[in-house]
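These notes are about the structure you will find just below.
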Amino acid sequence: MSRPARRKRHATASVPAQPASPKESPRLPSPNGERQRPQGAGPASEEGASSPDRGHPQEVAGRARARETFPRACRIRSRQEYDRAFQRGRSRHTPNFRVVVATSEDGVSRLGLVVSRKVGKACDRNRVKRRIREYFRVHRGAFPQALEIVVVAKRGAASLDGAGLWRELGSGLEPWLGGPPSGCSSATAG
């Protein structure tokens, strides 16, 4: 049995081989006309050259405190850094967190987060991580010495509101803060 002949799906279009004249714009104009940069606007910024997260960790941390950000130099990122913190650090448990604290070799307080799927769905895990980072960002200057802090979230961490999370982290970090933590109001706990 023979197969029926297939029809071609694509039809060829006739396209002129001549390029557009230099006066014609190759783009189609929008209904409001072509928009251009305002004349007073300067050149586009070069973020790569002057990125605030580049440089020596102590310099970056100093600039970050002034701007109150959470730069890359203040994060524990590699597996070796986590392993070193777990081996050298002291651990303290709260109902929803395990806090591991070790002295920092770089002279910069840094934070590492371990939030597994047992905490909850991705949106819950991200919310927990955001709130922990905000707590660290606000309290980073309160530590008497540079510390490497790893926070391991337990199963019930996603059920905490912002103020409850701040209170619990404050009680877990109290020995290293040198007293009861300040700034645990619900207005700043987001």
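Evaluation of GLU148 against the conditions (1) charged (D, E, K, R); (2) touching a residue at least 40 places away in the same chain (Cβ under 8 Å); (3) part of a helix (DSSP H, G or I) shows that the sole unmet condition is (3). Checking each residue in the range 118-145 for being assigned to a helix (DSSP H, G or I) and closer than 20 Å to PRO175 by Cα picks out ILE132, ARG133, GLU134, TYR135, PHE136, ARG137, VAL138, HIS139, ARG140, GLY141, ALA142.
Is it the case that ALA153 is crowded, with 16+ Cβ neighbours inside 10 Å, modelled with pLDDT of 95 or more and touching a helix residue (DSSP H, G or I) at 6+ places or on another chain (Cβ under 9 Å)? So ALA153 fits the description; yes. Would it be correct to say that VAL108 is closer than 15 Å to ARG137 by Cα, among the β-branched types (Val, Ile, Thr) and at pLDDT below 65? Considered against the rule, which asks whether it is closer than 15 Å to ARG137 by Cα, among the β-branched types (Val, Ile, Thr) and at pLDDT below 65, VAL108 comes out as no. Scanning the range 65-75 for residues that are assigned to a strand (DSSP E or B) and either exposed (fewer than 15 other Cβ atoms within 10 Å of the Cβ) or modelled with pLDDT under 95 (or both) turns up at least one hit.
Looking only at the range 76-117, residues that are of a type in the set (S, T, N, Q) and farther than 20 Å from SER171 by Cβ come to 6 in all.
Can you tell me how many residues in the range 110-135 are over 13 Å from GLY162 (Cα atoms) and surrounded by 17 or more Cβ atoms within 10 Å (Cβ to Cβ)? Number of matching residues: 8.
Does LEU169 fit the bill of being outside any strand (DSSP E or B) and either modelled with pLDDT of 95 or more or not β-branched (Val, Ile, Thr) (or both)? In short, yes.
The values are calculated or read from the model by the stated rules, or taken from the named source; none is laboratory data. Not measured: the values here are computed from a predicted model. Neighbour counts are summed over all protein chains in view; Cβ atoms, including those assigned to glycine, are modelled from backbone coordinates with ideal geometry.
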